[in-house]
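In what follows, a single structure is set out as structure tokens and then discussed.
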Amino acid sequence: MNIFITGAAGFLGSHLCDRFIAEGHSVIGMDNFITGNPDNLSQLAGHPAFTFYKHDVSNYIFIPQKVDAVLHFASPASPNPKSPSGYFNLPIQTMKAGALGTHNTLGLAKSHNAKYLLASTSEIYGDPTVHPQTESYAGNVDTIGTRAVYDEAKRFAEALTMAYFRTHHVDTRIARIFNTYGPRMDLEDGRALPNLLKQALSSEPMTVFGDGLQTRSFCYVDDLVDGIFHLLMTDEHFPINLGSPDETTILDFARSIKTITGTKSNIIFQPGERSDHDPQRRQPDISRAISLLNWEPKIKLREGIQKTIPYFKTKIGIH
Ligand code: NAD
Ligand code: UDP
């Protein structure tokens, strides 16, 4: 197949490009580098099965080759208000990538009679009142909250994807992706793993926001990519949670990183960093993924962090 992937120069997009090429497909990548990095695709430079277009998906997309599948991953994704690449600082670009970018990529899929997969997010559940989160839970999102530019763009993207499925019979899928980590994350984008692992490896204080009792469930990137691959190969049109069900408090997550790296860094608390918009609990119910995709994550946190450390050390410049 010819697989078209937007956000190809990002963390998840670049791993998807690698995976589909390894499976013998051809990949057409697109990115405008707003939060991504061309280095993430350096391993594919000159590869005969890889083509790349620098383009903003908010504008009309023309692809001369035949496209068999469209994977829409282009969007800023970090919620850190201090990061220049966080969606707080790219609010309109984020809404355009989720709204206009989704419209353009759905239109592309329709015109090529291609399969379509939307990268949605656990953020569509907002600060959830149901735990763990099942796909039937409709969410708790404030339309004018500080995270709304991301959350509502993704909610709109899901609604538009279902409209193209129901109205135009485009062969769509929706992946609700939960926190994922691994090599090629942007060390400066302020998400939990990059911040805490970079701090641990640099012997700097490890910053835990609030009391650290908020929870997340972290999935290693190879597992997530495997879930996306399985989802693309099925005919399931309704949303599917993809992520790790292993819930941890952020304080315990920081402690795990401290133990695994053997750092002498201390854990420090930064009260109020995200106090008005930090979801308190997040854990996917992955029953649908297990039964429909025969998929669940295999890589435990310790192994995943160990696999991530060499990339971070190279980026930081330590050996
Ligand atoms: P990322 O920032 O590393 O990658 C996003 C990529 O999209 C970047 O390369 C960026 O330059 C590109 N991009 C953004 N807007 C664009 C535009 N208008 N035109 C072209 N390219 C554009 O982030 P990521 O973590 O790899 O996330 C990828 C996707 O997965 C996003 O849609 C995100 O919402 C979704 N997601 C990620 C996670 C996670 O834990 N990483 C969780 C849930 C959902
Ligand atoms: N967090 C933290 N210290 C950091 C970065 C993040 O305590 O240096 C917390 C953040 O407040 C949130 C959790 O880690 O509760 C996950 O944050 P992330 O940015 O990875 O993504 P989110 O799940 O909030 O979208």
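The values are calculated or read from the model by the stated rules, or taken from the named source; none is laboratory data. Here the structure is a predicted model, which means the values were calculated and not measured. Cβ sites come from the backbone with ideal geometry, for glycine too, and all protein chains shown count toward neighbours. Surface accessibility is based on the protein's heavy atoms, side chains included, excluding ligands, DNA and RNA. Shrake-Rupley method; radii C 1.70, N 1.55, O 1.52, S 1.80 Å.
So if we plug the beta-carbon distance of Thr259 and Thr167 into 1/(1 + (r/R0)^6) with R0 = 45 Å, what FRET efficiency do we get, rounded to 0.05?
0.30
Can you compute the modelled spin-label distance between Ser203 and Glu273, with each label point 7 Å from Cα toward Cβ, in nm?
2.2 nm
On average, how much accessible surface per residue is there in the chain, in Å², for a 1.4 Å probe, leaving out ligands, DNA and RNA?
Here the residues of the chain average 41 Å² of exposed surface.
Just grab the label-to-label distance for Phe62 and His319, each label 7 Å out from Cα along the Cβ direction, in nm (one decimal).
Those two pseudo-labels are separated by 5.0 nm.
Among Glu158, Glu188, what's the order by accessible area (1.4 angstrom probe), most exposed first?
These residues rank, largest area first, as Glu188, Glu158.
Could you identify which residue out of Met95, Met185, Met233 has the top mean-square fluctuation in a GNM of the chain using Cα springs shorter than 10 Å?
Maximum fluctuation in the GNM of the chain, among the listed residues, is at Met233.
Round to the nearest 10 and report in Å² the accessible area of Arg302, as given by a 1.4 Å probe over the protein chains' heavy atoms.
Accessible surface of Arg302 is approximately 120 Å².
Give the cross-link partners of Lys315 among the lysines, using a straight C-alpha distance below 30 Å as the criterion and excluding same-chain residues fewer than 8 apart.
Cα-Cα hits under 30 Å: Lys54, Lys82, Lys198, Lys258, Lys264, Lys298, Lys300, Lys307.
By Kyte-Doolittle mean hydropathy of at least -1.0 and Cα axial length of at least 20 Å, which whole DSSP H helices of the chain are selected?
Once both thresholds are applied, what remains is 91-112, 148-168, 301-316.
Using 0.36 nm per residue of separation minus the Cα-Cα distance, give me the extension gain between Thr234 and Asn140 in nm, one decimal.
This chain segment gains 30.9 nm when fully extended.
How big is the accessible area of Thr314 in square angstrom, nearest 10, if you roll a 1.4 angstrom probe over the protein chains?
100 Å²
Mean-square fluctuation check for the chain, GNM, Cα pairs under 10 Å: which of Phe253, Phe73, Phe62 is largest?
Comparing Phe253, Phe73, Phe62 in the GNM, the peak value goes to Phe62.
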